[in-house]
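These notes are about the structure you will find just below.
FYI, it's all coordinate maths here, none of it is from the lab. Everything numeric in this text was worked out from a predicted model, so none of it was measured. Note: ideal-geometry Cβ built from the backbone for every residue, glycine included; neighbour counts use all protein chains shown.
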Amino acid sequence: MRNVLLTVVCGIAVLSFAYFGNFLRGIYDSNKELLSPIIGISNSPKPQENKKSLEIDGYQIAWVEVEKLDKISLYPNLVDHKTAKGLYKEKGCKTLVNGGFYTDDDKHIGLLVSNGDKKSEFKENILFDGVINIGSNSAEIKSTHNGANTAIQSGPILALGGKPKKLSIKNDENERRMVVATTKNGEVIFLSIYKKDSAYIGPKLADVPKILEEFSRVTGIIPVSALNLDGGTASAFYTEGVSLGELTKIGSYFCVKD
């Protein structure tokens with residue numbers, strides 16, 4: 001009799017465990033969006049489904065070409081500390097990409113000009129050696145500010161005069177990279193380079209010029225100049241089909257509207 005009771009009890013326990021397991025699985029399945037990381041690649045559509053996305057040397061490259069330069073605005077974010085996803089919706093951006101670097105005490109490293117308002121002064125810096133100057137009809141990357149209403153200092157410069165630069169970076173790490181580039185047709189291109197299965201990981205900075213060179217060969221898009229923006233966990237790239245959020249705040253951001 002004791003053996004029969006033991007068998008019945010064990011059977012009930014197994015059935016209960018199976019039911020509870022299915023119950024938990026049902027909760028998980030119905031809340032995948034809540035339980036999955038808030039920041040990362042959007043579930044629908046996936047980045048690789050975007051027309052402006054491809055894989056080179058094991059890295060995913062998403063990019064946006066902007067022909068109408070007067071649609072590009074640049075804003076600081078070191079006071080409000082808003083999320084890129086929130087700003088993307090709030091500002092009605094078609095594309096949002098983070099800007100340059102900032103210090104531990106929340107100050108922009110070098111020049112930042114937002115809609116003609118100079119928020120931070122230019123500073124000589126070996127690493128942050130470039131400025132992207134965007135006017136209503138032209139854009140260029142050079143070592144100084146040319147008076148454009150939209151400008152930000154960042155670096156290093158990755159390509160100049162149509163030629164990739166050779167970089168030697170101390171303590172170089174594999175991080176997601178953000179790049180702004182100009183073309184001979186007068187367009188501005190924003191690019192994100194990252195590992196598809198680990199969106200905060202990307203190439204070493206010294207390898208980015210070579211990747212851009214291969215990107216040019218594959219796509220036929222030839223950057224006249226290219227500038228590195230803030231990357232890794234302090235980077236964000238939002239556009240149709242691609243949603244790459246930040247883990248730490250972005251110090252500034254480009255907003256491209258229709």
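Based on Cα contacts under 8 Å between residues 6+ apart, the range 93-192 shows a relative contact order of 22 percent. Based on Cα atoms of the range 184-258, Rg over Rh with Rh as the Kirkwood radius reads 0.95. In a fully extended conformation the segment linking LYS107 and ASN146 would gain 11.8 nm over its present Cα-Cα distance, using 0.36 nm per residue. Per-peptide packing, taken as the mean over residues of other Cβ atoms within 10 Å, places 99-106, 114-121 in the sequence 99-106, 114-121 from highest down.
Derived scalar couplings between HN and Hα for the range 121-127 equal 7, 5, 9, 5, 8, 5, 7 Hz in order, rounded to whole Hz, by the Karplus curve 6.51 cos²θ - 1.76 cosθ + 1.60 (θ = phi - 60°), x for Gly and Pro.
Less than 5 angstrom separates the built amide H of GLY202 from those of GLU175, ARG176, LYS195, all sequence-distant by 5 or more or on a different chain. Rounded, prolate or oblate: which fits the range 41-256, taking a ≥ b ≥ c as square roots of the Cα gyration tensor eigenvalues, rounded meaning a/c under 1.5, else prolate when a/b beats b/c? Because its axes are fairly even, with a/c under 1.5, the range 41-256 counts as rounded.
Comparing Cα centroids, the range 157-173 and the range 75-150 end up 20 angstrom apart.
Phi angles across the range 242-250 convert, under the Karplus curve 6.51 cos²θ - 1.76 cosθ + 1.60 with θ = phi - 60°, into 3J(HN,Hα) values of 9, 9, 10, x, 9, 9, 10, 4, 8 Hz, Gly and Pro given as x. Once the Cβ-Cβ distance of LYS163 and GLU121 is raised to the sixth power relative to R0 = 30 Å, the FRET efficiency obtained is 0.50. For the range 153-164, putting each phi into the Karplus relation 6.51 cos²θ - 1.76 cosθ + 1.60 with θ = phi - 60° gives couplings of 8, 7, x, x, 5, 9, 8, 8, x, x, 10, x Hz, in residue order, rounded to whole numbers and with x for Gly and Pro.
Computed extension length for LEU54-SER138: 27.5 nm, one decimal, from 0.36 nm per residue of separation with the Cα-Cα distance subtracted. Using a cut-off of 32 Å between Cα atoms, the listed pairs LYS71/LYS195; LYS123/LYS166; LYS118/LYS195 include LYS118/LYS195 as exceeding that distance. As a proxy for reagent exposure, ranking HIS145, HIS81 by other Cβ atoms within 10 Å from fewest up yields HIS81, HIS145. Database remark: amide H of SER114 closer than 5 angstrom to the amide H of LYS119 (H placed geometrically; neighbours at sequence offset of 5 or more, or on other chains; Pro and chain starts carry no H).
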